[in-house]
Each structure stands twice: as structure tokens, then as C-alpha cells.
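In what follows, a single structure is set out as C-alpha cells and then discussed.
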Amino acid sequence: MTRVLVVDDEPQIVRALVINLKARKYEVDAAPDGATALQLAATRHPDVVVLDLGLPDMDGVDVIRGLRGWTRVPILVLSARHTSDEKVEALDAGADDYVTKPFGMDELLARLRAAVRRAEPVGQDGGDQVVIVETEGFTVDLAAKKVHRDGRDVRLTPTEWHLLEVLVRNGGRLVSQRQLLQEVWGPSYGTETNYLRVYMAQLRRKLEADPSHPRHFVTEPGMGYRFERA
């Protein structure tokens with residue numbers, strides 16, 4: 001059973017989420033502030049976190065950073081903050097998706113399912129064979145969901161991994177912005193190109209020898225991105 005950690009200081013929102021999630025057979029823990037959230041995450045090991053940014057004791061972005069220090073659990077941000085800079089800050093800190101209040105419960109649940117699905121191991125149904133892609137600087141093991149660089153594992157968030165996976169599986173081919181958004185974030189996406197810019201910058205920073213002059217993660221301006229081995 002999938003365990004969800006809901007972090008929000010508005011009792012009516014927490015109540016609505018708990019009722020809807022439990023009705024769909026999720027296990028739910030709730031935290032009213034950031035400190036409790038970090039404690040529950042460490043003891044209860046949720047499969048996904050739904051996080052409000054406006055918490056009474058600390059900024060939600062700091063909670064994201066605290067979680068990302070030790071876990072890759074998917075983080076779905078739920079917030080009344082509307083500006084793109086604030087969304088990018090949360091995504092850059094390690095959030096996987098962003099839903100703006102007020103929100104529709106069906107949309108939120110769809111985003112939550114997608115976040116959990118992205119975090120599942122590749123090939124758990126036995127349908128995927130081992131695929132290893134090597135470049136000069138790093139190696140991608142698609143079946144094991146691992147990336148090695150300079151003899152060490154590279155830590156990627158679930159969203160970073162999913163973006164990398166789509167590009168690597170389409171190696172050498174241009175993948176449009178819309179296709180990437182829909183495959184990684186879900187079918188309701190298509191115009192949130194700032195998401196792609198943030199996550200491509202993170203992948204380049206972690207995997208490219210010179211992130212400002214990428215060899216492997218190539219931008220086709222106004223169209224999309226392409227993965228090149230050499």
C-alpha cells in the first residue's frame with residue numbers, strides 16, 4: 001500500500017486530502033509543520049510527500065532541501081504561491097511537481113499517481129531488459145535506474161531520472177518540449193518549458209564535464225532536446 005505524507009497547516013485541506021486518499025486505499029500520515037514532517041519522513045518512510053510551502057515554522061523549500069539530503073522520495077508541492085520564480089525555486093530544491101491552490105482533487109490525485117509511478121523501478125513487471133548506455137564521462141543503467149560517473153553513483157531525483165530515461169531511450173533523436181513534459185510530468189502538461197530548463201540544467205550540472213557547453217544534453221532552441229552519446 002502506498003504511504004503518503006501530507007504536510008500542511010490548514011486543517012480543512014489536510015482533512016480533505018486524508019479522506020480522499022484513504023478512500024483510494026492510500027496510507028496517510030499528516031504533519032502541521034516542517035519539523036514534524038522531517039521527523040515523520042525519517043520514521044514512516046513515505047512513498048510520496050504532498051508539501052505546502054507556507055508552513056508556520058520554516059519555509060517549505062527548506063523542507064524539500066532537508067528531505068533531499070537523504071531521500072529521493074517524490075515531492076509534490078501544494079501552494080498558494082503563483083509566481084514562476086517561486087515554482088522554479090521549489091523545483092530547483094528538488095520538488096517533482098507543483099500544484100497551485102486552489103486545486104481540483106482529481107488533478108492532484110492524478111499528479112500524485114504520476115509522481116509515484118515515476119519513482120518505481122524500471123522493469124519491475126519483468127518487461128524491460130537490461131540496457132546500459134555508455135558515454136565518455138558517465139554510464140546509464142536503465143534497468144537498475146543508476147548512473148555512474150568517475151566510478152561513483154550519481155544521485156538523481158525521480159524526475160531527473162525520468163527525464164534522463166526518456167532522452168536516453170530516444171538517443172540521437174530530437175524529443176520535443178511537449179513530448180518531454182507529457183512523458184515526464186503527465187498528459188495535462190505541454191507549455192511549462194521552465195520545468196525543462198530547470199531539470200536540464202540539473203542534469204548537465206551532474207553529468208556534463210562542462211555544463212555550460214553540453215556535449216550530451218543538447219538544446220534545439222524552441223523545439224526540444226536531444227541526447228548524444230559522443
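The values are calculated or read from the model by the stated rules, or taken from the named source; none is laboratory data. All figures in this text were calculated on a predicted structure; none of them were measured in a lab. Cβ: placed from backbone, ideal geometry, glycine included. Neighbour counts: every protein chain shown. Quick note on the areas: whole protein, heavy atoms, side chains included, nothing else; ligands and nucleic acids left out. Shrake-Rupley method; radii C 1.70, N 1.55, O 1.52, S 1.80 Å.
See the values below:
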| read-out | value |
| --- | --- |
| Considering residues of segment 65-122 that are of a type in the set (Gly, Ala, Ser) and open to solvent by 50 Å² or more (accessible area, probe 1.4 Å) only, the residue farthest from Val168 (Cα to Cα) | Ala80 |
| Every residue from segment 195-220 that is under 17 Å from Asn170 (Cα atoms) and outside any loop (DSSP other than H, G, I, E, B) | Leu196, Met200, Leu203, Phe217, Val218, Thr219, Glu220 |
| Residue match in segment 152-163 (condition: in contact with a helix residue (DSSP H, G or I) (Cβ under 9 Å, 6 or more places away or on another chain), more than 22 Å from Gly69 (Cα to Cα) and open to solvent by less than 30 Å² (accessible area, probe 1.4 Å)) | no |
| For Tyr98: the one exception among (1) within 16 Å of Val198 (Cβ to Cβ); (2) part of a helix (DSSP H, G or I); (3) in contact with a helix residue (DSSP H, G or I) (Cβ under 6 Å, 6 or more places away or on another chain) | (2) |
| Residue in segment 62-72 that is modelled with pLDDT under 90, touching a Leu at 6+ places or on another chain (Cβ under 6 Å) and not basic (Lys, Arg) present | no |
| Matching residues, segment 202-216, being farther than 19 Å from Asp153 by Cα and surrounded by 15 or more Cβ atoms within 10 Å (Cβ to Cβ) | Pro214, Arg215 |
